[in-house]
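Peer 1: My questions all concern the structure below.
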Amino acid sequence: MSLIKSISGIRGTIGGKVDDNLTPVDVVKFTAAFGSWLQKNKNRKDLTMVIGRDARISGAMVNSLVTATLQGLGINVVDLGLSTTPTVEVMVPELNADGGIILTASHNPKQWNALKLLNEKGEFINGENGAEVLKMAENEDFEFAEVDDLGKYETRDDAFDIHIRNILELPMVDAEAVKAKKFKVVLDAVNSTGGISLPPLLEKLGCEVIKLYCEPNGHFPHNPEPLKEHLTDICELVKKENADLGIVVDPDVDRLALIDEKGEMFGEEYTLVAVADYLLKNKNGVAISNLSSSRALRDVAQKHNSEYFASAVGEVNVVTLMKEKNAVIGGEGNGGIIYPDLHYGRDSLVGIALFLTHLAKENKTVSEMRASYPAYFMGKKKIELTPEIDVDSLLTKMEKEYQNEEVSTVDGVKIDFAENWVHLRKSNTEPIIRIYTEAKSQEEADKLGDDIIAKIKSLI
């Protein structure tokens, strides 16, 4: 399946057949549906939309299609050009725009692209809105503007400056404390827009920046998902340069992974843990992550007499719960930091500024900071099922089997044991159950996954 239409947007591989892949026709149709939905929702035609893209090879082409379609609807376009997901999210309310579209397939390989849809707050549209957009696309329910009413087009080249200024003005970002440390940082931006957005931020924080893969040409030098197995080059360069840390982002700069001074992974799950530790130490409150994220965040919240809650998986669900609980900090265990004092979206730029402030004030090395947090290890497995098996009833049976433990059914079934946990979710795209586990050692996490698979098989 190379064209995936979901409530959060549309993504697919470039080329191929209409409705099978992400072709120009699909881009136009989906853009027209979102633009028309916004016009209907706002009850007026003359809207303004902000767009920005990551550096992938198909970006300029997709950008042209999106821009022309919006203008064809009578919508004015403010084009940020090469940008980041969080920068577009910041600029929508900054410019009092009516919505935004980010052209990025996030951590997917170079043949993919996608349209991510934002409301007037610069936040991802919710599931209900997304379903309405999908319906309009399916029905091709659009009406284009006449020649005198076509939308206007302008470009902006100050978006990174505005985003960075807003970050440096945050009370919890202490630029002077960071500058005093003169951190030496290696940056891997996977040849996308982190290479042009992050060096100006790091330089304003007084860091010496050693750039690795910072040319925004869309030729990803390694798998763009910031996981350990893809990051051998930066780990080696951090050691060679005697750097204080390494910073890795994905192509649209909403996921942040860190490398310690020894060239070891800090752990994607622990980016959020470290930032939450700093913020909750200074202000008691609530921390939020999703059900598949590390228990370490809960432990850190409890240490600071703060509360922790878990949402269903997905950024929109995290943000909804953060608003409901008025959270101080939230995010996802994939290195996604959501800091509501700036905006409700995953943002590597603000994550870096908060992490470096914490590092400067703690006066520790990155490895010493990591050692100060509870050590947990995650396992990820899946069990393939035949299509005729009823996954929902299977999950209900698992819930009954473990009814004496702490069980959540917010998103699949999560079972919290005293020393570890397991989270079972059915895939939306294939007949499998995903099994996430976490424990105090990798062996224990893997064994728990195997035990749960055996239990599921015994119930089929």
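The values are calculated or read from the model by the stated rules, or taken from the named source; none is laboratory data. Just so we're clear, the structure is a prediction, and the values are computed from it rather than from any experiment. Heads up, the Cβs are rebuilt from the backbone with ideal geometry, glycines too, and the neighbour counts pull from every protein chain shown. When the accessible area is computed, the model is the full protein with side chains, heavy atoms only, and any ligands, DNA or RNA have been set aside. Shrake-Rupley method; radii C 1.70, N 1.55, O 1.52, S 1.80 Å.
Peer 1: Checking the condition open to solvent by 10 Å² or more (accessible area, probe 1.4 Å), acidic (Asp, Glu) and closer than 18 Å to His107 by Cβ, which residue from Glu236, Glu215, Glu268, Glu261 passes? Spell out how you get there, then give the answer.
Peer 2: Details: Glu236 fails: closer than 18 Å to His107 by Cβ; Glu215 fails: closer than 18 Å to His107 by Cβ; Glu261 fails: closer than 18 Å to His107 by Cβ.
One residue alone meets the criteria, Glu268.
Peer 1: Continuing with this model, one more query. Tell me which residues, restricted to the stretch 172-212, are free of Cβ contacts under 8 Å to residues at least 40 places away in the same chain, more than 28 Å from Thr104 (Cα to Cα) and open to solvent by 60 Å² or more (accessible area, probe 1.4 Å).
Peer 2: Answer for the stretch 172-212, where residues must be free of Cβ contacts under 8 Å to residues at least 40 places away in the same chain, more than 28 Å from Thr104 (Cα to Cα) and open to solvent by 60 Å² or more (accessible area, probe 1.4 Å): Glu176, Lys179, Lys182, Glu208.
Peer 1: Would the stretch 447-456 turn up any residue that is farther than 22 Å from Leu321 by Cα, open to solvent by 30 Å² or more (accessible area, probe 1.4 Å) and part of a loop (DSSP other than H, G, I, E, B)? Let's see the steps before the verdict.
Peer 2: Step one: of the stretch 447-456, the residues farther than 22 Å from Leu321 by Cα are 447-456.
Narrowing the set further to residues that are open to solvent by 30 Å² or more (accessible area, probe 1.4 Å) leaves 447, 450-451, 454-455.
Keeping just the survivors that are part of a loop (DSSP other than H, G, I, E, B) gives none.
Looking through the stretch 447-456, none of the residues is farther than 22 Å from Leu321 by Cα, open to solvent by 30 Å² or more (accessible area, probe 1.4 Å) and part of a loop (DSSP other than H, G, I, E, B).
Peer 1: Cβ-Cβ below 9 Å, separation at least six or inter-chain, first residue in the stretch 225-245 and farther than 17 Å from Thr271 by Cα and among the hydrophobic types (A, V, I, L, M, F, W, C), second part of a helix (DSSP H, G or I) and open to solvent by 30 Å² or more (accessible area, probe 1.4 Å): which pairs?
Peer 2: These pairs meet every condition: Ala243/Leu237.
Peer 1: For the stretch 53-77, what are the residues that are open to solvent by 10 Å² or more (accessible area, probe 1.4 Å), closer than 27 Å to Asn191 by Cα and in a strand (DSSP E or B)?
Peer 2: Across the stretch 53-77, the qualifying residue is only Arg53.
Peer 1: Within the bounds of the stretch 344-356, is there any residue that is more than 16 Å from Tyr278 (Cβ to Cβ), part of a helix (DSSP H, G or I), open to solvent by 40 Å² or more (accessible area, probe 1.4 Å) and not β-branched (Val, Ile, Thr)?
Peer 2: No, the stretch 344-356 has no match at all.
Peer 1: Within the group Thr48, Thr85, which residue is without any contact (Cβ under 8 Å) to a residue 60 or more places away in the chain and surrounded by 20 or more Cβ atoms within 10 Å (Cβ to Cβ)?
Peer 2: Details: Thr85 fails: without any contact (Cβ under 8 Å) to a residue 60 or more places away in the chain.
The conditions single out Thr48.
Peer 1: Suppose we keep only residues that are of a type in the set (A, V, I, L, M) and closer than 18 Å to Leu70 by Cα within the stretch 126-167. Which one would you say is most open to solvent (accessible area, probe 1.4 Å)?
Peer 2: Going through the stretch 126-167, the residues of a type in the set (A, V, I, L, M) turn out to be 131, 133-134, 136-137, 145, 147, 150, 159, 162, 164, 167.
From the residues that got through so far, the ones that are closer than 18 Å to Leu70 by Cα too are 133-134, 136-137, 145, 147, 150.
Numbers: Val133: 1, Leu134: 44, Met136: 17, Ala137: 8, Ala145: 31, Val147: 118, Leu150: 88 Å².
That would be Val147.
Peer 1: Can you name the residue in the stretch 410-427 that is free of Cβ contacts under 8 Å to residues at least 60 places away in the same chain and open to solvent by 80 Å² or more (accessible area, probe 1.4 Å) and, of all such residues, is nearest to Lys5 (Cα to Cα)?
Peer 2: For the stretch 410-427, the residue satisfying everything is Lys426.
Peer 1: Of Glu307, Glu332, which residue is farther than 19 Å from Ile102 by Cβ and either open to solvent by less than 50 Å² (accessible area, probe 1.4 Å) or at pLDDT 95 or above (or both)? Quick ask: steps written out before the conclusion?
Peer 2: Numbers: Glu332 fails: farther than 19 Å from Ile102 by Cβ.
Matching residue, one of Glu307, Glu332: Glu307.
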